[in-house]
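Right, one structure below, let's go through it.
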Amino acid sequence: MRLAMAVASPEPRRTHVPEGLHFAGKMRLWQGLVVLVLVPAVLCGNRRKPANSDRNDSGSHGATSSSHGATSSSNGATSSSHGAASSSHNTASSSHGSSSGSHSGSGGHTTTYLGWDLFDVASIAPFFNLENYGLPSHLDLLSFNTGTGTTVLAVAEDKMRNFMQKLTDAGVSFQNTLQDISQMFVRPLTYDHTRSLRRGDATFDRYMHYEEIVSYIEDLPAKYPDEVQVEEIGRSVEDRPIYIVSINRRNDSSSAEKPVIFVEAGTYAREWVSPASALYLVERLLEDSPSLSQDAEWRVIPLLNPDGYVYSWRYDRLWKKNRAPSSVPECFGVDLNKNFDLHWGEIGSSINPCSNMYHGQRPFSEPETKALRDAMYEVENRTKAYVSLHSFGQTLHYPVLYDDDVNRTSLEELDRIAVGMAARIEATSGANYTVRSPEPFIIGGTSENWAASRGVPYVYTLELRDKGETVFHLPEELIASTGEDVWAAMKYLVSHLEE
């Protein structure tokens with residue numbers, strides 16, 4: 001029997017702006033630095049204690065505590081739970097919203113986020129980097145936008161009052177945008193989520209289980225023997241395969257000289273729409289536009305972080321990192337997008353293993369980032385474009401290409417193509433994507449900056465739907481539409497690359 005719970009839509013709170021306070025870009029930076037000094041005192045307490053993942057992947061098909069969205073209003077008020085909802089979603093065993101329950105026989109702790117609220121804070125995240133002081137169990141940095149100078153944070157109920165007081169004392173504006181984000185992860189089922197796919201099939205009507213993703217990828221060469229190669233480029237921390245899908249008409253004698261379009265997805269575990277969109281791209285390339293593989297070779301990593309993806313379904317819907325153990329026994333995971341070898345360990349990352357921005361012990365310390373690196377090295381001289389798929393925000397941005405000896409693509413050219421991709425998306429689906437100007441600083445250890453430093457001429461990051469209303473829990477009816485956004489952008493990119 002599936003448990004279906006109707007939960008009232010959370011009411012947003014209002015903005016708090018200290019009297020007489022006005023913001024400009026320089027002030028945001030100053031305020032971020034002030035908060036670095038004043039806020040960490042609030043953030044004391046026990047760290048979140050994630051359980052070790054169970055290696056029996058088949059268990060995720062049955063009852064699970066993770067969920068995925070099915071319906072949504074414009075303010076992100078509704079979504080639906082996945083599979084048979086566990087009662088552990090509803091029973092909090094601690095003040096920071098963690099509840100115990102047995103999931104696939106692991107007996108681990110499940111983080112429910114009961115009572116956590118969402119905040120928009122008027123400060124730039126790399127300078128509002130609380131994680132450098134240790135990310136405890138009661139605060140999670142979800143995203144930031146350097147264009148607007150805002151940071152999105154989730155804060156546990158028992159620390160909320162002190163957190164808001166410290167922001168007020170620092171003169172930092174904030175908005176409490178959503179109450180009790182756990183309500184987004186416990187919703188009535190709208191149709192039979194437990195229905196299994198046939199091996200090798202894909203669906204974009206719901207989020208796919210890890211095993212379904214793997215079976216789809218592994219069956220591609222049999223379905224498209226003249227177009228697809230699937231290669232295992234590495235194994236994850238927990239020994240799951242990391243696959244790359246190469247789409248290329250191999251009977252073409254010039255295939256070894258074709259330019260490569262390299263696509264990375266599924267780096268952050270909680271961004272479920274990222275691997276879904278990568279698989280949608282693969283499907284469209286093979287079913288609808290094989291001509292796009294005549295003049296270019298596509299190399300797609302649909303799920304770089306399989307361990308984190310599985311963990312986000314079972315134990316913690318907002319889990320971000322991989323599942324590497326650390327020097328702190330109760331803290332797991334490395335932020336894979338801070339583990340690349342360019343300005344590693346600098347702005348925007350953390351030395352603290354308990355932070356969700358922990359950059360690892362050294363560049364490429366993680367098997368997942370090593371796998372991507374080595375796959376890139378194989379085609380580095382032919383790679384014309386590198387695209388990283390993330391969520392959320394509906395933005396499209398590119399790095400500052402700072403070394404003319406390595407990369408001569410002008411910012412004007414990058415911006416021209418980015419604007420064209422955004423326009424094509426809007427013309428296709430009506431979704432509005434904002435082209436973000438490059439940050440005036442380099443975020444340490446990211447894949448996009450690393451790819452640009454290797455001489456890839458066109459490097460872009462697409463932050464997919466939505467704009468934060470559903471906290472990574474994008475409703476399922478928007479999966480295909482988001483895939484169409486990626487498809488429209490990729491077609492434009494390929495057709496406008498300079499020779």
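The values are calculated or read from the model by the stated rules, or taken from the named source; none is laboratory data. Values in this document were obtained by computation on a predicted structure and should not be read as measured data. Cβ coordinates were reconstructed from backbone atoms using ideal geometry, including for glycine residues, and neighbour counts include every protein chain displayed. Heavy atoms of the whole protein, side chains included, go into the accessibility calculation; ligands, DNA and RNA do not. Shrake-Rupley method; radii C 1.70, N 1.55, O 1.52, S 1.80 Å.
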(request) Write out the trypsin sites (Lys or Arg not before Pro) in the stretch 405-472 meeting two conditions: DSSP loop, and at most 13 other Cβ atoms within 10 Å of their Cβ. (result) R408
(request) Scan the stretch 425-495 for GluC sites (Glu not before Pro) in coil per DSSP, keeping those whose Cβ has at most 13 other Cβ atoms within 10 Å, and list them by number. (result) none
(message) Between E218 and D169, what's the calculated FRET efficiency when r is the beta-carbon distance and R0 is 60 Å? Round to 0.05.
(response) 0.60
(request) Could you list which residues have their amide H under 5 Å from that of K321, counting only those 5 or more apart in sequence or on another chain, with H placed in the peptide plane? (result) A269
(message) Sequence gap at least 6, Cα distance under 8 Å: using those rules, report the relative contact order of the stretch 336-457 to the nearest whole percent.
(response) 40
(message) Explain nothing, just compute: Karplus ³J(HN,Hα) = 6.51 cos²θ - 1.76 cosθ + 1.60, θ = phi - 60°, for every residue of the stretch 307-314 in order, whole Hz, x for Gly and Pro.
(response) 4, x, 4, 4, 5, 5, 7, 8
(message) Given a 1.4 angstrom probe, what's the average accessible area per residue across the stretch 402-499, in square angstrom?
(response) 38
(request) Quote the charge dipole size of the stretch 271-399 about the Cα centre in Debye, to the nearest 20; the model charges only the Cβ of Lys and Arg (+1) and of Asp and Glu (-1). (result) 280
